[in-house]
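I have placed the structure first, in the form of structure tokens, so that the comments after it can refer back to it.
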Amino acid sequence: MDPYTPTPADRFTFGLWTVGNPGRDPFGEPTRAPRDPTHLVAKLAELGAYGVNLHDHDLVPDGTSAAERDRIVATFKRALADHGLVVPMATTNLFTDPVFKDGAFTSADARVRHYAIAKTMRSMDLGVELGAKTYVFWGGREGAEVDAGGKLIDALSWYRDALDYLCDYAVSQGFELRFALEPKPNEPRGHAFLPTVGSALGFIATLQQPGMVGVNPEFAHETMAGLSFTHAIAAAIDAGKLFHVDLNDQVMGRFDQDLRFGAENLKTAFFTVMLLERHYDGPRHFDAHALRTEDEDGVWAFAAGCMRTYKILAAKAARFDADPEIQAALAAYRADDPELAWPPRFASEHAEALKARSFDLPSLRSRGPGLERLDQLTVELLLGER
């Protein structure tokens, strides 16, 4: 068997909105026909995926009657059972409907804010019914182009109130849900609230139940802002807040491209996989789209490519850890001194000794850590020369 063939054990997931994307963009009509969610489930299972994620209206269009809603959900559940897929994550569309044109949880209109909360509660009910354990919040319309409205501080307060309320709702219903905030710097709003992983982590600390809320970093979103996705993931892992992850690719400074994973920033993708394989046991979710140029066969080539690239990079990461020359370079880079080990807890005498210690500054100033060579070894590994 091809070692890079995905299986459900790899925990690869896709959103219905990803493989079901019809190829529409702001300048052109769809290039692919819409596909029924049950068809998408069957094709993902055929490719070896583990699960499928969804917005509420990806499955149940807004305005659907209760009876029709139940029929749609029952049909989808049968498809999941027939093909062995699960729904690990769900979310709410709070950005397509014109009612959300100036925000959902952060709208200056209290009626819109409360409608957004009501819609989200119904969507949470659906997600839990389908088995979701993680609930993602992407604030697509939570932002501004005009600050003359003076709502910047109020908007963060409204955002906080909404999340606190929804946490309480989840607890009251006995839902085993964790929430994950998905930052993005801009698009569709000119400036988004909570634009980066760092800002989201700071905001989470102000919530009433911060333990329930983490982050869902996306490769493209951090890259759009000119930031390092691997650094963002590391910050989330260090904070114990990496609750979910969105993998794709992106050219810095462009619109949100949602390219196939590994399509552009291969070295960043490699270090992303290395971090996830070492520190994250959740689903590997591909929030990406096939190019608008593609027909349906191209969509499934795209999906297979995302998973295959991840598995190849995971194998490269294992090789990185086993390569003696790379490991020797790493050992030389990290200079430890047993005399400088931290005490179990702060002690005044240790601080006084540290202040009095003599350091060989000429030697430290002249020491080269060997990062050029280490980086070259990594490049050679990725190019297949190690």
Name the single residue, out of those in segment 106-154 being among the charged types (D, E, K, R) and part of a helix (DSSP H, G or I), that is nearest to Thr75 (Cα to Cα). Glu129
Does segment 338-380 hold any residues that are of a type in the set (A, V, I, L, M, F, W, C) and over 30 Å from Phe271 (Cβ atoms), and which are they? Phe346, Ala347, Ala351, Ala353, Leu354, Ala356, Phe359, Leu361
So which residues in segment 284-329 are part of a helix (DSSP H, G or I), farther than 30 Å from Gly23 by Cα and acidic (Asp, Glu), if there are any at all? Asp321, Glu325
Go through (1) more than 30 Å from Gly190 (Cα to Cα); (2) assigned to a loop (DSSP other than H, G, I, E, B); (3) without any contact (Cβ under 8 Å) to a residue 24 or more places away in the chain and name the single condition Arg71 misses. (2)
Of the residues Asp2, Asp25, which is in contact (Cβ under 8 Å) with a residue 60 or more places away in the chain and surrounded by fewer than 14 Cβ atoms within 10 Å (Cβ to Cβ)? Asp25
Which of the numbered conditions does Gly198 fail, given that it passes all the others? Conditions: (1) over 17 Å from Asp246 (Cα atoms); (2) surrounded by fewer than 20 Cβ atoms within 10 Å (Cβ to Cβ). (1)
Residue hits (segment 70-128; at positive phi and surrounded by fewer than 19 Cβ atoms within 10 Å (Cβ to Cβ)) are Gly84
Determine whether Thr206 is modelled with pLDDT of 95 or more and either surrounded by 16 or more Cβ atoms within 10 Å (Cβ to Cβ) or in contact with a strand residue (DSSP E or B) (Cβ under 6 Å, 6 or more places away or on another chain) (or both). no
Tabulated pairs, segment 210-239, first touching a residue at least 60 places away in the same chain (Cβ under 8 Å), second among the β-branched types (Val, Ile, Thr), C-beta under 6 angstrom, 6+ apart or interchain: Asn216/Val136
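Inspect segment 180-188 for any residue being in contact with a Leu (Cβ under 8 Å, 6 or more places away or on another chain) and not in a strand (DSSP E or B) and give the result as yes or no.
To start, the set of residues in segment 180-188 that are in contact with a Leu (Cβ under 8 Å, 6 or more places away or on another chain) comprises 181, 183.
Narrowing further to those that are not in a strand (DSSP E or B): 183.
There is at least one residue in segment 180-188 that is in contact with a Leu (Cβ under 8 Å, 6 or more places away or on another chain) and not in a strand (DSSP E or B).
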With Glu339, Glu277, Glu352, Glu296 as the choices, which residue is more than 30 Å from Gly28 (Cα to Cα) and assigned by TED's automatic domain parsing to the domain that holds Glu29? Glu277
Out of all the residues in segment 265-283, which are in contact with a helix residue (DSSP H, G or I) (Cβ under 8 Å, 6 or more places away or on another chain) and not in a helix (DSSP H, G or I)? Asn265, Tyr280
Quick one: which of Arg284, Arg345 is surrounded by 13 or more Cβ atoms within 10 Å (Cβ to Cβ) and among the basic types (Lys, Arg)? Arg284
Please state which of the following conditions Met252 fails to meet, knowing it meets all the rest: (1) among the aliphatic types (A, V, I, L, M); (2) modelled with pLDDT under 95; (3) in a helix (DSSP H, G or I). (3)
If you check Pro343, Pro324, Pro338, which single one turns out to be in contact with a helix residue (DSSP H, G or I) (Cβ under 6 Å, 6 or more places away or on another chain) and not hydrophobic (A, V, I, L, M, F, W, C)? Pro343
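The values are calculated or read from the model by the stated rules, or taken from the named source; none is laboratory data. Not measured: the values here are computed from a predicted model. Cβ atoms come from the backbone with ideal geometry, glycine included; neighbour counts cover every protein chain shown.
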